[in-house]
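Here the structure is laid out as structure tokens; the discussion comes afterwards.
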Amino acid sequence: MAAPPAGGRSGSRPPGADDADRRSPRVPPPAGRRPPPPRPAAPARPAASRPRVPADDRSAAERRVVERPGPPHRAGERPAGPSAGGEPARASSSRRTGPPPGRLRRFVRRYGWRAYAIPLLTVATLLTLVDLTRQGAPPEQAAAGPSVTASTSPARTAGAAVGPGTPTPTGPAEGEAAPSSTPSAAAGTYVERGEGTVTVVPGSSPVYGTGPLRRFVVEVENGIAVDGPGFAAAVEATLADPRGWGAGGRMSFQRVGVEEAAAGEFDFKVSLISPGNMETYCPGVGTGGYTSCRYGDRAVINLARWETAVPDYQGDVATYRLYVVNHEVGHALGNGHQPCPGAGQLAPVMQQQTLGLEGCTKNAWPYP
């Protein structure tokens with residue numbers, strides 16, 4: 001059978017001829033040129049082994065796979081869809097936001113501005129408390145009186161003068177009240193009013209006697225023109241005498257100096273004070289500037305009596321000095337006043353002999 005002429009139509013076209021014509025449409029050659037020979041037709045592709053199924057005829061399962069909408073996705077994530085193999089793509093994992101926040105960050109996120117306010121308020125409170133504590137602290141150089149506190153002040157340690165202030169007694173104040181009438185002035189001279197400050201006499205003594213030890217400090221008011229070591233030696237000799245308070249081993253005595261006074265390592269003090277300042281060192285006793293007294297841990301000796309004694313002693317200043325030391329120290333040791341036992345008898349050392357003997361004879365010793 002003869003082949004159909006080229007370019008002619010036939011009742012049948014080779015498979016794929018229409019596709020080739022669509023891909024490469026024929027354009028008539030320009031005039032005067034020979035048309036190129038026709039290209040051979042592309043070989044026919046074998047039909048698929050499985051017949052093509054229209055979209056409408058696909059199974060319900062396939063439609064569900066294709067048409068089912070994927071889960072919602074966040075911005076920046078790749079939406080889920082079918083994979084190249086026809087299977088639904090898995091949703092991408094959530095984007096990492098870095099390591100979980102620590103305790104401090106969680107605290108700040110939870111409490112906001114309060115997380116910053118709480119530490120600041122705590123620091124401000126502590127600073128305020130420290131400031132109040134410093135303002136309320138007593139100064140080291142506070143005014144020191146003749147009390148136990150005064151004897152432990154830094155000024156006393158250096159041997160400088162210490163003002164009397166208001167003494168703090170460790171027991172009831174005791175002393176001879178002022179006489180009903182002023183006795184005639186005895187012979188002798190003394191300073192009526194000193195500087196009002198006292199100085200501890202430096203130095204110490206051996207222990208005198210046996211028995212429980214009583215340590216004492218000797219003080220002298222500044223500005224009264226009295227030799228401090230001489231007065232301290234007289235007090236030592238009086239308390240060391242076997243007729244004194246330590247007789248028979250009842251107690252022993254030792255004078256201590258500046259360091260022990262500053263540390264409060266003593267039992268009592270013996271202080272020599274001018275008449276004009278007696279009421280400062282013995283407030284409320286009512287000495288009238290004439291008698292001596294005991295106030296707190298102090299046995300206060302009136303300078304006027306130390307220098308001139310009293311009329312009933314008839315100028316016996318040496319014996320009166322022994323008496324006044326033993327009498328005032330007796331108060332510091334806890335002894336009270338005693339009356340005259342009878343006319344002509346020895347007056348007890350705790351009798352107020354400065355105001356009169358009341359028929360007794362003078363006596364300077366606790367155990368004569």
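Observations on the model:
- In region 223-236 there is at least one residue matching the filter, namely being surrounded by 16 or more Cβ atoms within 10 Å (Cβ to Cβ) and within 44 Å of the chain's Cα centre (by Cα).
Residue by residue, here is whether (1) surrounded by fewer than 21 Cβ atoms within 10 Å (Cβ to Cβ); (2) aromatic (Phe, Trp, Tyr); (3) assigned to a helix (DSSP H, G or I) holds:
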residue: GLU279; (1), (2), (3): yes, no, yes
residue: GLY286; (1), (2), (3): yes, no, no
residue: ALA299; (1), (2), (3): no, no, no
residue: ALA304; (1), (2), (3): no, no, yes
residue: GLU307; (1), (2), (3): yes, no, yes
residue: TYR320; (1), (2), (3): no, yes, yes
residue: HIS327; (1), (2), (3): no, no, yes
residue: CYS340; (1), (2), (3): yes, no, no
residue: GLY344; (1), (2), (3): yes, no, no
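- Flag for GLU279 being of a type in the set (Asp, Glu) and farther than 24 Å from ALA347 by Cβ: yes
- Residue among GLU279, GLU307, GLU265 that alone is among the acidic types (Asp, Glu) and closer than 20 Å to PRO212 by Cβ: GLU265
- Some residue of region 193-206 being at pLDDT 95 or above, loosely packed, with under 15 Cβ neighbours inside 10 Å and acidic (Asp, Glu): no
- Taking region 265-277 as the range and being open to solvent by less than 10 Å² (accessible area, probe 1.4 Å) and in a loop (DSSP other than H, G, I, E, B) as the test, only SER274 passes.
- Odd one out for ALA232 among (1) more than 17 Å from TYR295 (Cα to Cα); (2) touching a residue at least 60 places away in the same chain (Cβ under 8 Å); (3) in contact with a strand residue (DSSP E or B) (Cβ under 9 Å, 6 or more places away or on another chain); (4) part of a helix (DSSP H, G or I): (2)
- Scanning region 314-366 for residues that are among the hydroxyl-bearing types (Ser, Thr, Tyr) and closer than 23 Å to VAL218 by Cβ, we see that the one that is nearest to the chain's Cα centre (by Cα) is TYR323.
- Hey, THR354 under 28 Å from ARG193 (Cβ atoms), among the hydroxyl-bearing types (Ser, Thr, Tyr), in contact with a Pro (Cβ under 9 Å, 6 or more places away or on another chain) and not in a strand (DSSP E or B) or not: yes
The values are calculated or read from the model by the stated rules, or taken from the named source; none is laboratory data. Just so it is clear, the structure is predicted and the values come from calculations on it, not from any experiment. Here Cβ is always computed from backbone atoms with ideal geometry, including for glycine, and neighbour counts include all displayed protein chains. Just so you know, the surface numbers come from the protein's heavy atoms only, side chains and all, with ligands and any DNA or RNA stripped out. Shrake-Rupley method; radii C 1.70, N 1.55, O 1.52, S 1.80 Å.
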